[in-house]
1. Could you give the distance between the Cα centres of the range 260-323 and the range 167-246, to the whole Å?
2. Would you order 322, 137 from fewest to most other beta-carbon atoms within 10 Å of each residue's own beta-carbon?
3. Which shape class, rounded, prolate or oblate, goes with the chain when its Cα gyration tensor gives a ≥ b ≥ c as root eigenvalues, a/c under 1.5 marks rounded, and past that a/b bigger than b/c marks prolate?
4. Across all directions of projection, what mean area in square nanometres is found for the Cα convex hull of the range 255-327?
5. How big is D for the range 185-324, in µm² s⁻¹ as a whole number, if Stokes-Einstein is applied with the Kirkwood radius of its Cα pairs at 37 °C and 0.692 mPa s?
6. Suppose each label sits 7 Å from its Cα in the direction of the beta carbon; what would the residue 200-residue 152 distance come out to in nanometres?
7. For the chain, what is the mean residue ellipticity at 222 nm derived from helices alone (per DSSP H run of n ≥ 4: -39500 (n - 2.57); sum divided by total residues; nearest 500 deg cm²/dmol)?
8. Given an 8 Å cut-off on Cα distances and at least 6 residues of separation, report the relative contact order of the range 37-120 as a percent.
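What follows is calculated from the coordinates using simple rules that are stated; it is not laboratory data. It should be emphasised that the depicted structure is a prediction, and the values quoted were computed from it without experimental measurement. Reconstructed Cβ throughout: ideal geometry from the backbone, glycine too, with neighbour counts over all protein chains shown.
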């Protein structure tokens, strides 16, 4: 329970940043944006300035609900034949995509969409926040510049990614010691302190964004560097793609769960979430008890069924017809 506000995050630096922003008088959007920029530093395996997202906002004063969709978009240079299928391997990965030669749709420059993270966070702050961008980005700059202790989770992510990503010199320079060894967490047995992950180039990019806003990323020096690197390595994103990126702002009708309104994005994970909740509403979970075998089985099945629908029916609504509200309906 919290009297004034609460921040939930998977890394203490992210949650701490959000709480500190609210303590300074910032609203929930200020806190969310500041925390999200820190997420780009403290959890590089989860998101980054080259990442994407969706933000759901409820405005207490007017009762208005807003969705800001800043999921990455494909480059204008994409084509249906840009990947060569690998018939020998069938389907691969968590979602069972058709295998592509060299895994070029998963790893490398062709796998990248036009990043939406910076544009979405800056738009949310501009429209619904109360604090300036320079103040909001300060914590992320400080943590990137000074570094932070590597956790067991971060160490695990680095180890898992090494085989695929060590072919990229910049990744190796940042995330490996001496270009060979993964950064390690604290060793309790030997009382060895953890390695510190320092990202000074990222701090420099964050400073440019804090000073010049999203244009620093989409139209300035950073955009030029991204486009040059793409061109050198067979990527498709160019300066025109970056300059043309704009978040999508929508005002959806809310779903519901046992009498509570659920504000969700209708084109991404929100629809899947609401379908899961609609399935679970048909069961007396309270009677079954928290974390009992029966309740866990029902929740797992609800997730499985909703994701089956997601993979079968959902896609980019700009290119395919998606019955998002049908998937999210009680019926």
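1. Cα centres, the range 260-323 to the range 167-246: 34 Å.
2. Listing 322, 137 from fewest to most nearby Cβ atoms yields 322, 137.
3. Rounded, since a/c falls under 1.5.
4. Reported value for the Cα convex hull: 5.0 nm².
5. 163
6. 3.2
7. Counting only the DSSP helices, I get -13500 deg cm²/dmol.
8. Over the range 37-120, the number comes to 34 percent.
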